[in-house]
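> Pasting a structure below so you can have a look.
Coordinate-derived values only; no laboratory data. Quick caveat, the model's predicted, so the values are computed rather than measured. So basically every Cβ, Gly included, is an ideal-geometry build from the backbone, and we count neighbours across all protein chains shown.
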2 protein chains.
Amino acid sequence: MAIATTSILLSFLILSLFVAEIYANRQVKALNILHKSKFRRNSQIDKSDFEVEELVLDGIVHSQEGIKEKDRILRLPGQPQVNFSQYGGYVTLDKFSGRAFYYYFVEAQHSEQTLPLLLWLNGGPGCSSLAYGAMQELGPFRVNSDGKTLHRNSFSWNNVANVLFLESPTGVGFSYSNKSSDYNTNGDKKTAADNYLFLVNWLERFPEYKDRDFYIAGESYAGHYVPQLAHTILYHNKKANKKIINLKGILIGNAVINDETDTRGLYDYLASHAIISDRAAYISKACDSSSSKILKSDCDAAEDETEKDLEYIDLYNIYAPLCKNTNLTALPKRSTVVTDPCSEYYVYAYLNRKDVQEALHANVTNLKYDWEPCSDVITKWVDSSSTVLPLLHEFLQNNLRVWIFSGDTDGRVPITSTKYSIYKMNLPVKTVWHPWFSYGEVGGYAEVYKGGLTLVTVREAGHQVPSYQPARALTLIKYFLEGTPLPGPPKRHA
Amino acid sequence: MAIATTSILLSFLILSLFVAEIYANRQVKALNILHKSKFRRNSQIDKSDFEVEELVLDGIVHSQEGIKEKDRILRLPGQPQVNFSQYGGYVTLDKFSGRAFYYYFVEAQHSEQTLPLLLWLNGGPGCSSLAYGAMQELGPFRVNSDGKTLHRNSFSWNNVANVLFLESPTGVGFSYSNKSSDYNTNGDKKTAADNYLFLVNWLERFPEYKDRDFYIAGESYAGHYVPQLAHTILYHNKKANKKIINLKGILIGNAVINDETDTRGLYDYLASHAIISDRAAYISKACDSSSSKILKSDCDAAEDETEKDLEYIDLYNIYAPLCKNTNLTALPKRSTVVTDPCSEYYVYAYLNRKDVQEALHANVTNLKYDWEPCSDVITKWVDSSSTVLPLLHEFLQNNLRVWIFSGDTDGRVPITSTKYSIYKMNLPVKTVWHPWFSYGEVGGYAEVYKGGLTLVTVREAGHQVPSYQPARALTLIKYFLEGTPLPGPPKRHA
């Protein structure tokens, strides 16, 4: 989630303090922490290209015998009846420091022995895949407004895959370490190494998935995590000269991938969507350029204007209503909107219940803090490469499937940013821009590039695409996993 | 409603033939007829600046004594109880040719003796203010899915004004002529003259409104009608050196006002909203420029791509669902969306009922054709000025209130077009771009220019703003009529 400017960052930071109450989306806060550090003048963050941390498999893979069955979730409190298996638990990454990552795994609703394995990662950095991916986006359940009971999401991605949700890095959600320095040494490199560590051990615990087709998907700052983990997998496969992990492709949405274009696209999006003035967008873009001759006072005025313009909307879905009342209801209420803007509060309440944590086999060490959608305990981010485009090139050369999607009403990492970033890759067009269809409507638009990269928009979806457009998102993931072009128009009757 | 290019026009024309069934909005058809004529190479349409047709009041105002009470609508079929008066009937413009315009007038729900008089005009050209304005947008009733009964629109603009809906020009809705040549000599100039003729006679019929503050509002191609009528009023007031009509201001929304910027803004909107590719937008803009060096084959390809990209969505609200079943229901169904995409069919059914026409005092001559939302009988458009910006300048110099609004999810005459057109006026900014509020949410954004022009966006509203955002539209018209800045943020609790 990138806004690559010092100026606008401070605005967001100030905003997040003021509007916390009316503005439910806690991802804002997480983003601001990173950006505050990344884009200030004397930033200590390493912005160089991502480099893999080499791991010796023999030393890091531990026996997982018998743990899988202990991880089986019999039933979540308030859960409706289902016909698939769920697991939850910890994978220890470092016995010495007691660093352990929490995962939640839902097997497919049918054909779980043949359908692929899909890892889902949320961004932030510092936000939980349990909070967003599993409980508000693509998981099988959503939390009711009572904070106690669940209802089914019929567009859950476990219709088409076995889905693994991971809370990463250290300090996110239920993932923790007993060594306190682990909380302030997080960064892109450590996250990728830890995610890899997690994965090889998890596959020991679930050996039936070892040779399964494997895909990684994620949104927002996972635009860093997903390619970096994929690169780490490819690296170790090559080094070992065998498919340690059978990686087939990646899918990233509304993803932070290239700071410079992410920023430029943001201003263009805000102006073309009538949120800020064209004048403020123009000045802000110029102010971000080092060669700018614009007066500081004009930059300040544009920043001021932008701050005020963004203050009262949910930038993650520019048309969404805001959460006005964060209290839980006595009984579940039926929401009239697809995504209740207060759903984050329901998830928070649910996942902090003792019975829920027990059922999930989570929080076994009794953390000193609440489970949070986005971490309050990660205080520092060590490295954040300014681009992941070289990694995407690498994947195409290695015949991995690479799809990049964008919910088109997200103002945070908007479609304009994603388009500009893809242009930077200089890929010739294979199939020109065209509408694709989901449940009889235009689901969005797609363009396919030579080399195998596909850009897909999801119409009227905010930052968390499967929250706002569950049906369209399910069509998207289905065709991605099948590796076939997205569906064309419905047949017309004569 | 302007797409100022030959190329894209044909696409739309072709589209309108193919998708008529899945695409309920008949305004498309009307637009295409105009554009087909206006932008082709050897267009016969006069595109020069609007000039008033001078009228001698004495000869054109006729006694209207006693007609008002005959026009009173006792009750519309299927109508819920209300506490305001409604009138409907004909004003004869030319006794010789039997040219007569149909109007529907709803008095304010309270203070009707002091609240202003507001004339609402729909565009097309050729679309009915009864079909859109009255029955689907800002009128007191909306038609149920049974095509027989009505329900209240609680955000009706007669909360704040006495609202007059006019079907104009000749051939629109119930407005007709006995002289067939009247149907193929319509154009901007004749429409303005006829609307003026209508107005002075209507004020004779309703003399209590003669000195009332008077405002004209409208959308789409009414971006031509409204300023041209306002200019005609100013012209005759000046000539007579008295306020024949007490015009105070105009309000136009998603309005066709300046062909060149309307077109440019359209492509920019479609690309930034991820409907067409940036490449197609870039080429199309260049192809429209006379100095273009782009190959015809590339222009054709871009046109082709754009056509396909637009084919399956409602360009008038890019996120709206489409009408999939045009059948009426046996009983009124409760719609889950703000605006039922099939509502045009309900209105068509309702207004073609004999009992409804009798109650409305409409179709007294038994027209040979059905009442249509947009005219099938207007076959030609004689003149359509390429810009109305000089008229807007005139109004500002004459201290008229000028507000221009834009529903920001309309792709037909989008906010980008409106902004570019306003920039052309070179007005310095008085109050910078800022959010405004309606019922506790951001209603949109506004910018005020020196000289008195105000630009207002309406968040998440399509082309027919009061259909998609009734509450926000009511806030907008209320503050426009009061002449006060739009409301700021709700107060925060400490």
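> Taking +1 at the Cβ of each Lys and Arg and -1 at the Cβ of each Asp and Glu, which of B:Phe101, B:Tyr449, B:Ala362 sits farthest along the dipole of chain B towards its positive end, judged by Cα position relative to the Cα centre?
Going by the Cα projections, it comes out as B:Tyr449.
> Also: Karplus couplings for region B:244-252 from phi (6.51 cos²θ - 1.76 cosθ + 1.60, θ = phi - 60°), rounded to Hz, Gly and Pro as x?
4, 10, 8, 5, 10, x, 10, 9, 10
> For region A:156-254, which GluC sites (Glu not before Pro) pass both filters: DSSP loop (anything but H, G, I, E, B) and at most 15 other C-beta atoms within 10 Å?
none
> Additional query: Got a sec? Which residues in region B:376-417 would a label at B:Ser43 touch, if it sits 7 Å along Cα→Cβ and we count backbone N under 20 Å?
B:378-392, B:412-414, B:417
> While we're here: Classify region A:133-199 as rounded, prolate or oblate, taking a ≥ b ≥ c as the square roots of the eigenvalues of its Cα gyration tensor: rounded when a/c is under 1.5, otherwise prolate if a/b is larger than b/c and oblate if not.
oblate
> Return the percentage of antiparallel bridges among DSSP beta bridges fully within chain A, rounded to the nearest 5 %.
55
> Then there's this: Quickly work out the B:Ser335-to-A:His151 label distance, labels modelled 7 Å from Cα along the C-beta direction, and quote it in nm with one decimal.
Result for the modelled spin labels: 2.3 nm.
> Fully extended, how many nm does the chain gain between A:Lys239 and A:Ser63 (0.36 nm per residue separation, minus their Cα-Cα distance)?
Taking A:Lys239 through A:Ser63 to full extension adds about 61.1 nm, to one decimal.
> Ok, one more. By its C-alpha gyration tensor, with a ≥ b ≥ c as the square roots of the eigenvalues, how is chain A shaped: rounded for a/c under 1.5, else prolate for a/b larger than b/c, else oblate?
Details: a/c = 1.25, a/b = 1.24, b/c = 1.01.
Judged from the Cα gyration tensor, chain A comes out rounded (a/c under 1.5).
> If we count other beta carbons within 10 Å of each Cβ, what is the order of B:Tyr269, B:Tyr479, fewest first?
On the way: B:Tyr269 27, B:Tyr479 21.
The most exposed by this proxy come first: B:Tyr479, B:Tyr269.
> Something else: Measuring from a point 7 Å out along Cα→Cβ, what nm distances, shortest first, does B:Glu51 have to its partners in the other copies?
Result, one decimal in nm: 7.7.
> Would you mind ranking A:Ser48, B:Ser177, A:Ser406 by Cβ crowding within 10 Å, fewest neighbours first?
Exposure proxy ranking, most exposed first: A:Ser48, B:Ser177, A:Ser406.
> What Kirkwood hydrodynamic radius, in Å, does region A:370-439 give when the mean of 1/r is taken over all pairs of distinct Cα atoms and then inverted?
Numbers: mean 1/r = 0.0638 Å⁻¹.
One decimal place: 15.7 Å for the Kirkwood radius.
> Sticking with this one: For q = 0.09, 0.14, 0.15 Å⁻¹, what log10 I(q)/I(0) does region B:370-494 give under the Debye formula with an equal point scatterer on each alpha carbon and no solvent?
Each listed q corresponds, in turn, to -0.31, -0.71, -0.79.
> Ranked by Cβ crowding within 10 angstrom, fewest neighbours first, how are B:Val200, A:Val402, B:Val56 ordered?
Taking fewest neighbouring Cβ atoms as first place, the list is B:Val56, B:Val200, A:Val402.
> Ranked highest first by average number of other Cβ atoms within 10 Å, how do B:86-98, A:319-331, B:440-452 line up?
B:440-452, B:86-98, A:319-331
> Report, largest value first, the span of the C-alpha coordinates of the protein assembly as shown along each principal axis, in whole Å.
Between the extreme Cα coordinates on each principal axis of the protein assembly as shown lie 102, 61, 58 Å.
> Can you give the helix-only mean residue ellipticity at 222 nm for the protein assembly as shown, where every DSSP H stretch with n ≥ 4 adds -39500 (n - 2.57) and the sum goes over all residues, rounded to the nearest 500 deg cm²/dmol?
Taking each H run of at least 4 residues, the total per residue is -10000 deg cm²/dmol.
> Find the chain B residue whose Cβ sits closest to the rotation axis that carries B onto A, and give that distance in whole Å.
B:Ser272, 2
> Need one number: % antiparallel among DSSP beta bridges in the protein assembly as shown, to the nearest 5.
55
> Can I ask one more? State the Cα centre-to-centre distance between region B:342-374 and region B:256-294 in whole Å.
Between the Cα centre of region B:342-374 and that of region B:256-294, the gap is 39 Å.
> What are the trypsin sites (Lys or Arg not before Pro) within region A:267-296 that DSSP puts in a loop, where the Cβ has at most 12 other Cβ atoms within 10 Å?
Within region A:267-296, the qualifying trypsin sites (Lys or Arg not before Pro) (loop, at most 12 other Cβ atoms within 10 Å) are A:Lys293.
> Next question, about the same structure. What does the copy distance list look like for A:Arg40, label position 7 Å along Cα→Cβ, in nm and ordered from shortest?
List, nearest first: 6.6 nm.
> Right, here's the next one. Please identify every one of the trypsin sites (Lys or Arg not before Pro) in region A:379-441 that sits in a loop by DSSP and has no more than 15 other beta carbons within 10 Å of its own beta carbon.
Listed in order of number, the matching sites are A:Lys380.
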